[in-house]
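Notes to accompany the following structure.
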Amino acid sequence: MPLRFFNTYSRQLEEFTPLDSVGQTVKMYTCGPTVYSYAHIGNYRAYIFEDLLQRHLELRGYKVHRVMNITDVDDKTIRGARDASIPLAEFTAPFKQAFFEDIESLRIKRANEFPAATDPDHIAAMIAMIKTLIERDLAYQAEDKSVYFRIKNFPEYGHLAHFDLTQLQSTGRVRNDEYDKEHIGDFALWKAWDEEDGEVGWESPWGRGRPGWHIECSAMATQLLGDQLDLHCGGVDNIFPHHEAEIAQTEGCTGKQFVRYWLHCAHLLVDGQKMSKSLGNFYTLRDVVAKGYSGREIRYALMRVHYRAPLNFTWEGMEEARQSLGRIDDWLERLRNRAGESPTNHNSENFRPNEQFETALDDDLNISAALGFLFESIRETNRALDGGTFDASAAQGWLDWWNRVNSLLAISANETAPPSEIVALAEARAQARLAKDWRKSDELRDELTTRGWEIRDTKDGQKVTRRGV
């Protein structure tokens, strides 16, 4: 079946056709982190959805040119640097580094470019866009010396968020980066310097100041990907005002459709509630890792629900993710063992993999259906392995299929042989179980866990694996 995605702009499922129908290169822009703090697991849910999207496009033969921005100047970063009494670049540097460490842990593919808003070339591009908008009467400098976008002169404003501008009461102008539709107004393109900005600022035709958050993405996206993009992704909280503003600014400059397909990821909840520091349910990746979970387990937990459905994060869900990965690991080990045996004459034709996993993802990245097929396949093949009707060639066929699936999921365990002291603990636990000394067995399991190893009891005996791989 053809690839289909739900386009936020049209509110419809649409067949995907790239602008480059010959070279099949897909131009994709994804909103990255604002580096005023460590990114939280809600952010990473969106980044993992975008990673899955890129991987599936590539599996289907497309070449993806992806740009993910780094917002290193905005209201939040400036406030953080001011509160810490250090320069902006010094304040944001550790959070940038942490972001790259986190995506490595989560096995998220690196974008082709990670442009930073403070790069001089990008600042120059922002200033150039604002000049063009002023020339076209789509922007103006107000009495506060800041430059604002004139939304009344852009009739399409509000289309992405699906609200009618004529039905909303404008509040005049909005200088803050973030606001809701109840406070709609002309938004800031260039913010005149004030004392709270400290040393942060650049010279412009309108005086010293800094860019608004929205113009940053428009400038970086068009500078690196051109006037028109195939895909633009982010969380649903980006739809308004950020992505709405991006459309107005960019199309106001180019006169062309900015993005063909807008894809947005639903919110992540924690125990059924919105994540909030005040509720004590706000988690960064580091918080979850500190609970003993690996990047692989977190990736699976954040990926397994369809991107347009809210994901409820719970610690019980993290345990389910661990168990699911354990099932996959055990299955793969059984397949490898069978594939290494001498060929037989068993008829295994009924156990050949098919396209259901990939066709599920063709339908708006339906990961839930794809994983359902994966685990049904695990059940069927395990049954055949138990019955002795699954030969070496069939096992190898499924291993080859898994390699293709894992190029999308990126959840295979890294092979790590346990050191001698871990082997000794595992053997001691096995002896304790034989002696039915369950207390000793549990104590040894806890000791292995403390040392970073997981032990599972299977029909083929104990399996010891390194946690975090």
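Being among the polar types (S, T, N, Q) and open to solvent by 20 Å² or more (accessible area, probe 1.4 Å) is the filter; apply it to the stretch 89-119 and report the residue that is nearest to the chain's Cα centre (by Cα).
Step one: list which residues in the stretch 89-119 are among the polar types (S, T, N, Q), which gives 92, 97, 105, 112, 118.
With the extra rule that they be open to solvent by 20 Å² or more (accessible area, probe 1.4 Å), the set shrinks to 97, 105, 112, 118.
Working: 97: 17, 105: 13, 112: 15, 118: 23 Å.
This residue is 105.
Which condition number in (1) among the polar types (S, T, N, Q); (2) under 30 Å from residue 40 (Cβ atoms); (3) open to solvent by less than 40 Å² (accessible area, probe 1.4 Å) is the one that residue 132 fails?
Failed condition: (2).
Would you call residue 79 open to solvent by 30 Å² or more (accessible area, probe 1.4 Å) and either over 29 Å from residue 201 (Cβ atoms) or out of contact with any Lys or Arg (no Cβ under 7 Å at 6 or more places or on another chain) (or both)?
Values: open to solvent by 30 Å² or more (accessible area, probe 1.4 Å): yes; either over 29 Å from residue 201 (Cβ atoms) or out of contact with any Lys or Arg (no Cβ under 7 Å at 6 or more places or on another chain) (or both): yes.
So residue 79 passes the test.
Among the residues of the stretch 143-201, count how many are at pLDDT 75 or above, open to solvent by 10 Å² or more (accessible area, probe 1.4 Å) and in a loop (DSSP other than H, G, I, E, B).
Number of matching residues: 18.
Quick check, is residue 136 at pLDDT 95 or above and over 26 Å from the mean Cα position of the chain (by Cα)? So that I can check it myself, show each step before the final result.
On the way: at pLDDT 95 or above: yes; over 26 Å from the mean Cα position of the chain (by Cα): yes.
Yes.
Would you confirm whether or not the stretch 255-271 contains a residue that is in contact with a Gly (Cβ under 8 Å, 6 or more places away or on another chain) and under 20 Å from residue 374 (Cβ atoms)?
So far as the stretch 255-271 goes, no, none of its residues is in contact with a Gly (Cβ under 8 Å, 6 or more places away or on another chain) and under 20 Å from residue 374 (Cβ atoms).
Taking the stretch 301-315, which residues are surrounded by fewer than 20 Cβ atoms within 10 Å (Cβ to Cβ) and not in a loop (DSSP other than H, G, I, E, B)?
312, 315, listed by residue number.
If you go through the stretch 44-51 one residue at a time, do you hit one that is more than 30 Å from residue 355 (Cβ to Cβ) and within 13 Å of the chain's Cα centre (by Cα)?
Taking the stretch 44-51 first, the residues more than 30 Å from residue 355 (Cβ to Cβ) are none.
No, the stretch 44-51 has no match at all.
Could you tell me which numbered condition residue 206 fails, if it satisfies all but one of (1) modelled with pLDDT of 95 or more; (2) at positive phi; (3) more than 29 Å from the chain's Cα centre (by Cα)?
Result: residue 206 passes all but (2).
Just one of 70, 86, 41 is within 19 Å of residue 221 (Cβ to Cβ) and either surrounded by 22 or more Cβ atoms within 10 Å (Cβ to Cβ) or not small (Gly, Ala, Ser) (or both); which is it?
Numbers: 86 fails: within 19 Å of residue 221 (Cβ to Cβ); 41 fails: within 19 Å of residue 221 (Cβ to Cβ).
Sole residue among the options that is within 19 Å of residue 221 (Cβ to Cβ) and either surrounded by 22 or more Cβ atoms within 10 Å (Cβ to Cβ) or not small (Gly, Ala, Ser) (or both): 70.
With the checklist (1) over 21 Å from residue 408 (Cβ atoms); (2) in a helix (DSSP H, G or I); (3) open to solvent by 40 Å² or more (accessible area, probe 1.4 Å) in hand, flag the one item residue 318 doesn't pass.
In the conditions (1) over 21 Å from residue 408 (Cβ atoms); (2) in a helix (DSSP H, G or I); (3) open to solvent by 40 Å² or more (accessible area, probe 1.4 Å), residue 318 misses (3) alone.
Is one or more of the residues making up the stretch 1-15 modelled with pLDDT under 95, in contact with a helix residue (DSSP H, G or I) (Cβ under 6 Å, 6 or more places away or on another chain) and hydrophobic (A, V, I, L, M, F, W, C)? Spell out how you get there, then give the answer.
First, the residues of the stretch 1-15 that are modelled with pLDDT under 95: 1-2.
Add one more test, that the residue is in contact with a helix residue (DSSP H, G or I) (Cβ under 6 Å, 6 or more places away or on another chain), and what stays is 1.
Next, from what is left, pick out any that are hydrophobic (A, V, I, L, M, F, W, C): 1.
Yes, the stretch 1-15 has at least one match.
Which ones in the stretch 266-289 are of a type in the set (Lys, Arg) and within 17 Å of residue 304 (Cα to Cα)?
Selection gives nothing.
Under 9 Å between Cβ atoms, at least 6 apart or on separate chains: pull out the pairs that start in the stretch 360-371 with a residue that is under 10 Å from residue 408 (Cβ atoms) and end on any residue that is open to solvent by 10 Å² or more (accessible area, probe 1.4 Å) and small (Gly, Ala, Ser).
361/369; 367/360; 370/360
Results for (1) loosely packed, with under 14 Cβ neighbours inside 10 Å; (2) closer than 21 Å to residue 328 by Cβ, shown as yes or no for each residue.
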| residue | (1), (2) |
| --- | --- |
| 354 | yes, yes |
| 382 | no, yes |
| 400 | yes, yes |
| 404 | yes, yes |
| 419 | yes, no |
| 424 | yes, no |
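Yes or no: residue 23 touching a strand residue (DSSP E or B) at 6+ places or on another chain (Cβ under 9 Å) and either open to solvent by 20 Å² or more (accessible area, probe 1.4 Å) or closer than 18 Å to residue 303 by Cα (or both)?
On the way: touching a strand residue (DSSP E or B) at 6+ places or on another chain (Cβ under 9 Å): yes; either open to solvent by 20 Å² or more (accessible area, probe 1.4 Å) or closer than 18 Å to residue 303 by Cα (or both): yes.
Taking the combined requirement at face value, the residue satisfies it.
For residue 455, state whether it is surrounded by 14 or more Cβ atoms within 10 Å (Cβ to Cβ), in contact with a helix residue (DSSP H, G or I) (Cβ under 7 Å, 6 or more places away or on another chain) and not in a helix (DSSP H, G or I). Reasoning before the result, please.
Working: surrounded by 14 or more Cβ atoms within 10 Å (Cβ to Cβ): yes; in contact with a helix residue (DSSP H, G or I) (Cβ under 7 Å, 6 or more places away or on another chain): yes; not in a helix (DSSP H, G or I): yes.
Considered against the rule, which asks whether it is surrounded by 14 or more Cβ atoms within 10 Å (Cβ to Cβ), in contact with a helix residue (DSSP H, G or I) (Cβ under 7 Å, 6 or more places away or on another chain) and not in a helix (DSSP H, G or I), residue 455 comes out as yes.
Within the stretch 46-61, is even one residue open to solvent by less than 40 Å² (accessible area, probe 1.4 Å), touching a His at 6+ places or on another chain (Cβ under 9 Å) and under 14 Å from residue 238 (Cα atoms)?
yes
The values are calculated or read from the model by the stated rules, or taken from the named source; none is laboratory data. Because the structure is a prediction, the values reported are computed rather than measured. We place every Cβ from the backbone using ideal geometry, glycine too, and count neighbours over all the protein chains shown. SASA here: full protein model, heavy atoms, side chains in, ligands and nucleic acids out. Shrake-Rupley method; radii C 1.70, N 1.55, O 1.52, S 1.80 Å.
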